[in-house]
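So the structure is just underneath, and the comments pick up after that.
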Amino acid sequence: MKKTTRRVLKQNARASRGALSASRIAGRETLQEILSQPATWLETARQFEQNAELIHVSQLFSPQQPCLFVACGSSYYLSRTIAAQWTKLLQVTCTAVPASELLFSSHEVMQRTSARQVVLVSRSGKTTEVLRAAEWLKANAAVQTLGVTCSKSSVLEELCTHTLKLPWAEEKSMVMTRSFTSILLLFERLGAKFAGDDGLASALDGMPEKTAAWLAVNTDKIRAFGARRRFADFVFLGQGAHYWLAQEAALKLTEMSSSYAQAYHTLEFRHGPKSIATKDTLITFFLSDAAAEEESSLIGELKKLGAATLVVANRATPVLRGDSDLVIELGLDEPEYARLAMTAIPAQLLGLAVGLRKGLNPDVPKNLTRAVVLGSKKVAPAKRKRA
């Protein structure tokens, strides 16, 4: 592990030096945090083996029982991604709901999910709706609760049965990047442990080093594409667990660049949304293993309509390359679920580049705060300036 750690840090440093030297002050924190993900993942792996609370949780939570995740924003899309993997890996129903759904449809949600294990995710540990959901569960439901946060100390910890804290993954900038992928990898490791899947665990061990090398090759390519072309609309498409990465990608693009972005299940795009495909539309595909052939056909269709296409694929065919304005290959032999954290990174870099091109500061997006903390007084929203 020590040799691997040194290699990852050296590769990370090379990628950071090249990208940061060319970056403006705006977005500098966000870029650094995107590029720091391999090193952050190494620390996540180390903590997984040594963190006493995490070991305790893995002994108390049952892989045979349904699990409900409760979160907001990026943490919700993260939770849906984890739930999709756990359902397949553990052969038990796992799902996620926005915290507001639990608050206003509490009994329906608990009855529908039959969950006796609930994971509440809030990077800051301060998200009001998540805290209120935790309060409701504590007072009204006979469930075991796990709070997940990057904060060293938070109210969430006081409301949950157990808490997992990832302070090493916390960002200085406003949007979730490395915290998203680090929490994802932590739960992938936990799922592999529950399932006794040594192959998945081993695959996850190799991701930091491979991602550091991948970043060194692809960072500038993605940023240059986002900086070079102007688009009126952004669309992100994915099947299966990739759909939730598409939702997160659309949110990242919206947050960092104050642009309008949509997400759909890939093949659903034919059923109506295809009407917006023009030269002013950038459509990003997250190709899945199961549907890659059909998804590739849709890419060809949209290319004929004049839309710009960006494709994130594990390996690209010559036809796919011909139909795409930019192809980003992962080039991994690891199973699909082990590749999800790396798959999330291109949209982070794209959102950063588009935001900088528009003269914005992705470190501090418009109208947003690090955590949605609701007070008793209504605050008028800030007026949005034209980009």
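The values are calculated or read from the model by the stated rules, or taken from the named source; none is laboratory data. A quick note: this is a predicted structure, and the numbers were derived from the prediction, not measured. Neighbour counts run over all protein chains shown; Cβ positions are idealised from the backbone, glycine included. Note: areas computed on protein heavy atoms with side chains; ligands, DNA, RNA excluded. Shrake-Rupley method; radii C 1.70, N 1.55, O 1.52, S 1.80 Å.
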Original post:
Taking Glu53 and the conditions (1) closer than 19 Å to Leu200 by Cβ; (2) in a helix (DSSP H, G or I); (3) at pLDDT below 95, which numbered condition does it fall short on, given that it satisfies the others?
Top reply: (1)
Original post:
Within region 106-123, is even one residue surrounded by fewer than 19 Cβ atoms within 10 Å (Cβ to Cβ), basic (Lys, Arg) and part of a helix (DSSP H, G or I)?
Top reply: yes
**OP:** Take Gln65 and decide whether it is farther than 26 Å from Glu209 by Cβ, at pLDDT 65 or above and surrounded by fewer than 19 Cβ atoms within 10 Å (Cβ to Cβ).
**Re:** yes
Subject >> Among (1) within 30 Å of Asp363 (Cα to Cα); (2) out of contact with any Pro (no Cβ under 7 Å at 6 or more places or on another chain), the one test that Phe269 misses >> reply: (1)
Original post:
Is there a residue being β-branched (Val, Ile, Thr) and surrounded by fewer than 17 Cβ atoms within 10 Å (Cβ to Cβ) anywhere in region 199-212?
Top reply: no
Original post:
Any idea which residue in region 23-50 is surrounded by the fewest Cβ atoms within 10 Å (Cβ to Cβ), counting only those that are in a loop (DSSP other than H, G, I, E, B) and in contact with a helix residue (DSSP H, G or I) (Cβ under 8 Å, 6 or more places away or on another chain)?
Top reply: Arg24
Subject >> Count - residues of region 68-84 that are outside any helix (DSSP H, G or I) and open to solvent by 20 Å² or more (accessible area, probe 1.4 Å) >> reply: 1
**OP:** Filter region 59-98 down to residues that are among the small types (Gly, Ala, Ser) and more than 17 Å from Glu248 (Cβ to Cβ), then give me how many there are.
**Re:** 1
Original post:
Within region 290-301, can one find any residue that is of a type in the set (Ser, Thr, Tyr) and within 22 Å of Lys221 (Cα to Cα)?
Top reply: yes
Original post:
If the Cβ limit is 7 Å and pairs must be 6+ apart or interchain, which residue in region 189-207 that is in contact (Cβ under 8 Å) with a residue 24 or more places away in the chain pairs with which residue that is part of a helix (DSSP H, G or I) and surrounded by fewer than 17 Cβ atoms within 10 Å (Cβ to Cβ)?
Top reply: Leu190/Ser58; Lys193/Ser58
Original post:
For the subset of region 85-102 comprising residues that are open to solvent by less than 30 Å² (accessible area, probe 1.4 Å) and assigned to a helix (DSSP H, G or I), which member is farthest from Leu120 (Cα to Cα)?
Top reply: Leu90
Subject >> Filtered residues of region 136-184 (kept if of a type outside the set (S, T, N, Q), open to solvent by less than 10 Å² (accessible area, probe 1.4 Å) and not in a loop (DSSP other than H, G, I, E, B)) >> reply: Leu137, Leu146, Gly147, Val148, Leu156, Leu164, Ala169, Phe180, Ile183, Leu184
**OP:** Considering (1) part of a loop (DSSP other than H, G, I, E, B); (2) touching a Pro at 6+ places or on another chain (Cβ under 9 Å); (3) open to solvent by 20 Å² or more (accessible area, probe 1.4 Å), say which one Lys126 fails and leave the rest.
**Re:** (2)
